[in-house]
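What follows is one structure encoded as structure tokens, with my remarks underneath.
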Amino acid sequence: MFGLGGRIVHAGVISNKGRSRGMAYVEYDSKRDADEAIRRFDRTTFMGREIFVRQDQPPPSERRRERDDRDRGRREDSRRSDRRDERPPRERRERFSNEAPRPGTEVFVGNLPFSTTWHTLKDMFREAGDIIRADVMTNKFGKSRGFGTVVFSNADDADNAVAKFQNYVLEGRTLEVRHGKEPGERRKPAFTNTEFTDGVYSNGNPSNTIYVGNLPFITTQTDLFELFETIGRVTRAEVQYNDGGRPSGNAVVEFELQELADLAIKNLDLYNYGGRELNITFALFPQRAATQDEYMEEDSAPAEGFAQEAAVQEAPAQEFAPQENAAPIPQEEAPQEDATAIEADAPTL
């Protein structure tokens with residue numbers, strides 16, 4: 001079937017203890033053939049079942065090794081290259097200065113258009129004062145993440161930039177401009193649980209949200225999307241952190257549909273991911289957990305009417321108990337019938 005997409009190098013069915021997990025992988029000779037196979041076979045019907053075909057993503061540990069290999073290659077290429085940056089010295093200083101910004105001189109700029117470069121950002125904010133450095137944050141593919149920073153030579157210029165460009169509209173997007181964090185604040189744990197992950201546990205009732213345990217500690221939010229979108233559309237996925245702000249090895253993943261959460265548990269529970277077997281159940285949120293506990297307490301408590309009745313039955317019948325020094329209750333004498341009348345009514349033997 002998948003041979004129609006191109007030349008196959010290797011293919012196999014993913015199993016657990018000899019039983020199929022309902023998943024398989026196909027390795028093609030080229031990325032172009034893999035893309036063609038995804039385009040041709042994704043969401044098609046095979047033997048009466050709709051199949052989902054996605055690009056396979058290796059576990060985070062393997063990706064890290066690949067990244068290290070690439071970085072090592074880049075460093076070797078850099079050593080062999082004698083080319084120098086042709087930008088003027090001032091521009092190089094504005095772009096690549098490694099000095100920590102002085103307190104109050106850094107400005108954070110959010111909601112940037114993805115087309116904005118560090119050079120565009122620098123030219124725009126130069127109206128507010130003298131700039132030392134401007135950066136636009138990028139992902140591992142070199143694409144903008146939609147935010148950046150600008151460091152000014154003094155705090156007054158930074159204040160001027162916040163006042164001048166807050167809510168400024170650039171290419172249809174309203175910028176978020178505020179003072180950056182001080183160096184001391186950056187050293188504090190940056191990772192805390194959100195309302196989506198705080199206090200969440202495993203073994204909840206069926207829903208569209210799952211709890212994933214025993215993840216590699218280097219797993220990121222991107223890893224979660226890449227792994228679970230092989231099942232279907234993921235609307236939210238976050239790593240859960242411990243009290244020290246470090247990954248706990250657990251995560252919460254929300255699917256678009258409950259059927260997809262069911263499928264994820266069926267196919268990926270005990271799946272070996274980065275050398276660790278995943279433990280996947282439905283998520284149990286704090287409010288739902290409290291509701292379940294209250295229900296169990298109410299269910300185990302005796303009914304109020306029954307408790308009262310039992311108390312009455314166990315209590316001594318005080319109305320019949322003799323009371324000391326109590327006045328005797330007068331007894332009415334039964335009326336005596338006339339003996340003559342009785343004899344008259346009696347039958348004659």
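The values are calculated or read from the model by the stated rules, or taken from the named source; none is laboratory data. Just so it is clear, the structure is predicted and the values come from calculations on it, not from any experiment. Note that we place each Cβ from the backbone using ideal geometry, even for glycine, and neighbour counts take in every protein chain shown. Only protein heavy atoms, including side chains, enter the accessible area calculation; ligands, DNA and RNA are left aside. Shrake-Rupley method; radii C 1.70, N 1.55, O 1.52, S 1.80 Å.
The number of residues in the range 111-130 that are closer than 19 Å to A163 by Cβ and surrounded by 14 or more Cβ atoms within 10 Å (Cβ to Cβ) comes to 8.
In summary, strands (runs of 3 or more DSSP E) completely within the range 203-279 and bearing 3 or more residues that are within 25 Å of T192 (Cα to Cα) and open to solvent by 10 Å² or more (accessible area, probe 1.4 Å) occur at 234-241, 247-255. Identify, please: which residue in the range 131-149 is surrounded by 14 or more Cβ atoms within 10 Å (Cβ to Cβ), under 33 Å from the mean Cα position of the chain (by Cα) and not polar (S, T, N, Q) and is, among those, modelled with the lowest pLDDT? Ranking the qualifying residues of the range 131-149, first place goes to G146. Scanning the range 177-189 for residues being modelled with pLDDT of 55 or more, part of a loop (DSSP other than H, G, I, E, B) and open to solvent by 80 Å² or more (accessible area, probe 1.4 Å) gives a total of 1.
Evaluated against (1) part of a helix (DSSP H, G or I); (2) within 13 Å of the chain's Cα centre (by Cα); (3) among the small types (G, A, S), G199 falls short on exactly one condition, (1).
Note on the range 120-176: residues that are more than 20 Å from G104 (Cβ to Cβ) and either touching a helix residue (DSSP H, G or I) at 6+ places or on another chain (Cβ under 8 Å) or in contact (Cβ under 8 Å) with a residue 40 or more places away in the chain (or both) total 8.
Scanning the range 14-39 for residues that are farther than 14 Å from I51 by Cα and at pLDDT below 80 returns I14, S15, N16, K17, G18, R19, S20. With the condition kept exactly as written, say whether any residue in the range 317-327 is assigned to a helix (DSSP H, G or I), out of contact with any His (no Cβ under 9 Å at 6 or more places or on another chain) and modelled with pLDDT of 90 or more. No, the conditions are met nowhere in the range 317-327.
Suppose we keep only residues that are open to solvent by less than 20 Å² (accessible area, probe 1.4 Å) and of a type outside the set (F, W, Y) within the range 150-160. Which one would you say is farthest from R178 (Cα to Cα)? Reasoning before the result, please.
Just the residues of the range 150-160 that are open to solvent by less than 20 Å² (accessible area, probe 1.4 Å), to begin with: 150-152, 158.
Now drop any that are not of a type outside the set (F, W, Y), which leaves 150-151, 158.
Working: V150: 10, V151: 12, A158: 9 Å.
Only one residue fits best here, namely V151.
The residue pairs whose first member lies in the range 224-238 and is under 15 Å from A283 (Cβ atoms), whose second member is of a type outside the set (A, V, I, L, M, F, W, C) and open to solvent by 60 Å² or more (accessible area, probe 1.4 Å), and whose beta carbons are closer than 8 Å, counting only pairs six or more residues apart or on different chains, are V234/E256; T235/E256; A237/Q221; E238/Q221.
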